[in-house]
Amino acid sequence: MTARQGEYYNPDLSLTEIAAIIRADLKKKFPAYRFSVDSRKKREITISLLEYPVELTNKTLIASYFLMMEDDFLFYDVRHGTFRYKRDITPTETERLIDDLYQYAGLYVRITKYDTWLNPEILDVLMSIQKQLDAYNRKGEVYSDVLFHDCINIGEVNPRSRDQYAQFVPRTPTGRRVSLWRINQ
């Protein structure tokens with residue numbers, strides 16, 4: 001089987017050029033959102049959502065997501081600093097975990113279409129970005145047979161300094177910031 005090539009795949013484009021094209025497209029398509037587009041890692045483009053104009057998630061969405069997961073669902077427990085299986089969680093811990101997931105939702109790595117704990121509007125934006133990345137990529141049968149790997153995050157993880165959590169910033173549809181005092185009126 002041959003590799004699948006995206007609609008805009010061009011082997012002559014460098015990763016930096018592809019990242020620049022995607023960055024410009026994101027500013028045009030989603031002016032109310034702010035992203036970081038990073039192509040400094042070898043063969044990887046990372047897109048991080050930094051600012052969003054609508055609610056990122058809520059405890060109801062997180063609870064629905066958590067409760068629908070199979071018992072062998074493995075997740076990272078922030079308070080214990082370790083990965084745990086859902087089957088090992090008591091009902092009391094479930095409430096605490098939902099609170100923790102809500103509190104730390106602004107820093108989340110590798111978003112996929114299965115992350116239904118997100119506001120559907122934000123998930124649609126992030127999946128649209130995934131389609132755009134795929135359009136410039138080539139993917140073969142094996143993990144290493146790609147032009148580049150991609151990663152879509154919420155917030156920006158920085159091992160050398162402080163992590164940057166994504167944050168709610170009210171904006172108009174054209175991308176202009178809305179004063180907080182206008183929202184509260």
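The values are calculated or read from the model by the stated rules, or taken from the named source; none is laboratory data. Fair warning: this is a prediction, and the values are worked out from it, not measured in the lab. Counting neighbours? That spans all protein chains shown, and the Cβs are built from the backbone with ideal geometry, glycine included. SASA here: full protein model, heavy atoms, side chains in, ligands and nucleic acids out. Shrake-Rupley method; radii C 1.70, N 1.55, O 1.52, S 1.80 Å.
Tabulated results
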| item | result |
| --- | --- |
| Residue under evaluation Gly106, criteria (1) assigned to a loop (DSSP other than H, G, I, E, B); (2) open to solvent by 70 Å² or more (accessible area, probe 1.4 Å), criterion not met | (2) |
| Number of the exception - Ala166 against (1) touching a residue at least 40 places away in the same chain (Cβ under 8 Å); (2) open to solvent by 60 Å² or more (accessible area, probe 1.4 Å) | (2) |
| Candidate set from segment 72-94 (those that are open to solvent by less than 90 Å² (accessible area, probe 1.4 Å), part of a loop (DSSP other than H, G, I, E, B) and not β-branched (Val, Ile, Thr)); member that is farthest from Asp163 (Cα to Cα) | Phe73 |
| Which listed residue, of Leu123, Leu97, is over 11 Å from the mean Cα position of the chain (by Cα), of a type in the set (A, V, I, L, M, F, W, C) and either assigned to a helix (DSSP H, G or I) or within 30 Å of Pro11 (Cα to Cα) (or both) | Leu97 |
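Yes or no, residue by residue, for (1) open to solvent by less than 30 Å² (accessible area, probe 1.4 Å); (2) at pLDDT 95 or above:
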position: Asp12; (1), (2): no, no
position: Glu17; (1), (2): no, yes
position: Lys41; (1), (2): no, no
position: Ile47; (1), (2): yes, yes
position: Glu51; (1), (2): yes, yes
position: Leu61; (1), (2): no, yes
position: Tyr65; (1), (2): yes, no
position: Met69; (1), (2): no, no
